[in-house]
1. Using Cα-only point scatterers and the Debye equation, what is log10 of I(q)/I(0) for the stretch 181-343 at each q in 0.09, 0.13, 0.17 Å⁻¹, rounded to two decimals?
2. Would you mind counting up the charge near PRO252? Only other residues with Cβ under 15 Å from its Cβ, with Lys and Arg at +1 and Asp and Glu at -1.
3. Sum up the charges of everything whose Cβ sits under 9 Å from the Cβ of VAL118, counting Lys and Arg as +1 and Asp and Glu as -1, but leave VAL118 out.
4. When we measure straight from the Cα of LYS337, which aspartates and glutamates land under 16 angstrom away, once same-chain ones fewer than 8 places off are left out?
5. Cross-link partners among lysines for LYS249, C-alpha distance below 27 Å, same-chain residues fewer than 8 apart left out?
6. Gain in length, ALA276 to SER28, computed as 0.36 nm per residue apart minus the alpha-carbon separation, to one decimal in nm?
7. Report the full-extension gain for the segment ASN178 to ASP42: residue separation times 0.36 nm, less the Cα-Cα distance, to one decimal in nm.
8. Where does the charge balance sit around LYS366 when Lys and Arg score +1, Asp and Glu -1, over other residues with C-beta under 11 Å from its C-beta?
Amino acid sequence: MKVPVVVMRGGTSKGVFLHFEDMPADQSLWDEFLLDIMGSPDHRQIDGLGGADSLTSKAAIIKKSELEEIDVEYTFAQISIEDQLVDFQGNCGNISSAVGPFAIEQGFVPATEPITTVRIFNTNTQKVIIAEVEVEKGHVKTDGMCSIPGVPGTGSPIYLSFTKAEGAVTGKLFPTGNTIDVIQTPRGPLNVSIIDVANPLVFVKANDVGLIGSEMPHEFTQEKLNELEEIRSITAEMCQFATKGDATKKSPAVPKMTIIAPAMDYIDASGVERKASDMECTIRMMSMQKPHQTLAITGAICTTAGAFLKDTILSDIVSIDQEVFRIAHPAGIMQTKVDLIAGQISSIKVVRTARRILEGFVYTKKSYGFSYMLA
């Protein structure tokens, strides 16, 4: 069987983009179908399109929307590499940055020069994302001078605005009702803040878990990763995503473990010296139980919103009084811009780049009811 597919890079992630109409009509087959085309479960994903990394084992399912003032509806899927699991619980901000360009090139949205605005409804979180995409001669512009840490070269900037992103997955800004929770760990009592904006994150202070905050991904030992997953699993149960014992398999993507520390000098993954004066804080995130090589966009959105909240563990680390918020991560520094109305956040904007890498067909092992797609 062959199915139309587009492979796109969005920010620091890469995934397969599919039309909703090209997915199995029986949605109970979606998990098996996506695992099939990505080559999971297999740590190399050798028999599929996956890149053997959580940042490249993702899918976006797009359809033209009939909702008022919405152009396209977008469903995100995180495909596990080594388990028979597809997680639809949260969204990916980096993949979101490629949805606008995809929608324009696929004809879902008319190309309007010089900027085409695409209003995206993310079905995972039931939230609206607004993408501003540069267009030239009727097509998405990909070349430009915008650079983002973690992606080689430069490209055309894509601006994403996350609006009313509170309670994206749990329906609550603070899923437990508390700004700080105290949980019991083998290390002893630990303060955490669970905040749900764009995606639910569980924040811990670096020094509370025996870290500095400037560690590179390769410096995390398996023992430390196990400790962090233990903490994340406890909070997954608190968010009612899964029991502690089942959280790694049943809710591996949310909440996202996030280690926060004050601004500090450090050397990033490219060997560039980063100065404390150029950032508000440092972040180290986990992605599917592994260290994130950069920083999830939804993580940046949630951290930015958290910086404006009172009485969380972020309050002791971050003090913000300007619209631009700078977050240091392993590959560099990400900036977000906050739009305030009457002192309240109306939207948080980030800049990304994206491009189409491949367009063609993926061959599946089973038919999934696609009688009209015989090769």
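1. Values returned for q = 0.09, 0.13, 0.17 Å⁻¹ are -0.27, -0.57, -0.99.
2. Around PRO252, the charge tally is -2.
3. Local charge sum for VAL118: -1.
4. Cα-Cα hits under 16 Å: GLU132, ASP278, GLU280, ASP321, GLU323.
5. LYS14, LYS58, LYS127, LYS172, LYS205, LYS224, LYS290, LYS365, LYS366
6. 84.4 nm
7. 45.1 nm
8. Values: positive: LYS365; negative: GLU32, ASP36.
Combined, the nearby Lys, Arg, Asp and Glu give -1.
Throughout, read-outs are computed from the coordinates displayed, never taken from laboratory work. Computed from a prediction, not measured in an experiment: that's the story for all the values here. Cβ atoms come from the backbone with ideal geometry, glycine included; neighbour counts cover every protein chain shown.
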